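What follows is calculated from the coordinates using simple rules that are stated; it is not laboratory data. Quick caveat, the model's predicted, so the values are computed rather than measured.
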Ligand code: SF4
């Protein structure tokens, strides 16, 4: 199984028993929200390891924001164009 597919399946399985700590929090997909507090939330999330593995293996998910304790940005932030990049989280 492809690494991204495996990571996504693992995350979905873990979500059966755990809610994401970011549930309903729009800052996680915001272009402008400061990432530091969000990265701290990720660090305490029960899905952290699975979510981080998915973020590192795939460009699926939000273009902007924080996923699995990692900051996401498109290659061209002014237009949102181009492949998404995953940047190291400050606490990640
Ligand atoms: S690790 Fe972060 S982005 Fe992933 S589900 Fe948890 S709170 Fe959300």
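Determine the calculated [θ] at 222 nm for the chain from helices alone, applying -39500 (n - 2.57) to every DSSP H run no shorter than 4 residues and normalising by the residue count; nearest 500 deg cm²/dmol.
Theoretical 222 nm ellipticity from helices: -10000 deg cm²/dmol.
Based on the alpha-carbon gyration tensor of the stretch 1-72 and its eigenvalue square roots a ≥ b ≥ c, which shape applies: rounded if a/c is under 1.5, prolate if not and a/b is larger than b/c, or oblate?
Verdict is oblate for the stretch 1-72.
For a test of the definition: using alpha carbon positions, the gyration tensor, and the 1.5 limit on a/c, classify the stretch 34-92 as rounded, prolate or oblate.
Here the stretch 34-92 falls in the oblate category.
Over the chain, what is the relative contact order in whole percent, taking alpha-carbon pairs under 8 Å and six or more residues apart?
27 percent
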